[in-house]
Amino acid sequence: MSAGKVSRGTWLPTWVLIRSDLYDEAERQHLDISFECNTALARRLGIAYTGSRTPASGEMSPVISGVDPVPVGAALRPVINADDPATPAKVKKEKKEAATVKPRMAHPPPSACTSASLKPSTPIVPAPAPGAPRKPAADRKKKAGAIKKFVSSLIVRTDEDGGTDAVIKKDELYQRFESWCREHAISPVPDRRSFSVALKNQCAIPERSIGGTAYWVNIRLK
């Protein structure tokens, strides 16, 4: 800190560390701490001191400093007492500690487990939500079960020469099947094509066209 050329008798502000008990006692006795410090310092330096009291703050000369002011809230450096024999060792220790302190990083370094090193994992297939459409295999199994149950419950097989009673129109039999599904709360009702395929392939019921009309033959309703 430099104040430039100062005329004799000019007042300068400075920092003085005073022990708390001494400060409290000085306040209690209404002593001018600046006056007492100037008197003691002048006596130590052998300078004649007039004994005048310290002026108001407006009468003090400004101090020009080439060092940037300390930001508000920043930590202050400890005051070093030059008369302390241990001061050189303390200064050397502080410089060594300051050199070994690593600067804090604004952001932590990227983890070793980056996206490039991640192995693709087996995708997790979520469970179907309630009310979601069933899989086709489950639908086919349900349809086939309903058709087989209908055939075993309401259809009787006959000989090949069963006569006119051994034939049923395809449309009529499917309508009867739809009614049966509604009576037994089967939903959705298998469509006409699924019904026909199941009777032909799974139940081995023959079909025939008579006069341009499609019939199931060798069966009758109970």
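I'd like the residue in segment 172-220 that is in contact with a strand residue (DSSP E or B) (Cβ under 8 Å, 6 or more places away or on another chain) and basic (Lys, Arg) and, out of all such residues, is modelled with the highest pLDDT.
The selected residue is Arg176.
Results for (1) at pLDDT 65 or above; (2) farther than 20 Å from Glu207 by Cα; (3) surrounded by 10 or more Cβ atoms within 10 Å (Cβ to Cβ), shown as yes or no for each residue.
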position	(1), (2), (3)
Val125	no, yes, no
Ala138	yes, yes, yes
Lys142	yes, yes, yes
Ala146	yes, yes, yes
Ile155	yes, no, yes
Val167	yes, no, yes
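Just need a number here: residues in segment 179-211 that are within 15 Å of Ile155 (Cβ to Cβ) and not in a strand (DSSP E or B). Spell out how you get there, then give the answer.
Of all residues in segment 179-211, those within 15 Å of Ile155 (Cβ to Cβ) come to 179-181, 195-196, 198-200, 202-207.
Within this subset, residues satisfying the condition of being not in a strand (DSSP E or B) are 179-181, 195-196, 198-200, 202-206.
Residues flagged as within 15 Å of Ile155 (Cβ to Cβ) and not in a strand (DSSP E or B) within segment 179-211 amount to 13.
Within segment 35-69, track down each residue that is of a type in the set (S, T, N, Q) and modelled with pLDDT under 85. Write out each step before concluding.
The initial filter retains those residues of segment 35-69 that are of a type in the set (S, T, N, Q), namely 38-39, 50, 52, 54, 57, 61, 65.
Answer for segment 35-69, where residues must be of a type in the set (S, T, N, Q) and modelled with pLDDT under 85: Thr50, Ser52, Thr54, Ser57, Ser61, Ser65.
Please go through segment 29-50 and give me each residue that is not in a helix (DSSP H, G or I) and not acidic (Asp, Glu), ordered by number. First the steps, then the outcome.
Just the residues of segment 29-50 that are not in a helix (DSSP H, G or I), to begin with: 29-32, 46-50.
Passing the criteria: Gln29, His30, Leu31, Gly46, Ile47, Ala48, Tyr49, Thr50.
Return the pair list, or none, for Cβ contacts closer than 6 Å from residues in segment 198-222 that are among the acidic types (Asp, Glu) to residues that are assigned to a strand (DSSP E or B), at least 6 apart or on different chains.
Listed pairs, sorted by first residue: Glu207/Trp216.
The values are calculated or read from the model by the stated rules, or taken from the named source; none is laboratory data. Here the structure is a predicted model, which means the values were calculated and not measured. All Cβ positions, glycine included, derive from the backbone under ideal geometry; neighbour counts span all protein chains shown.
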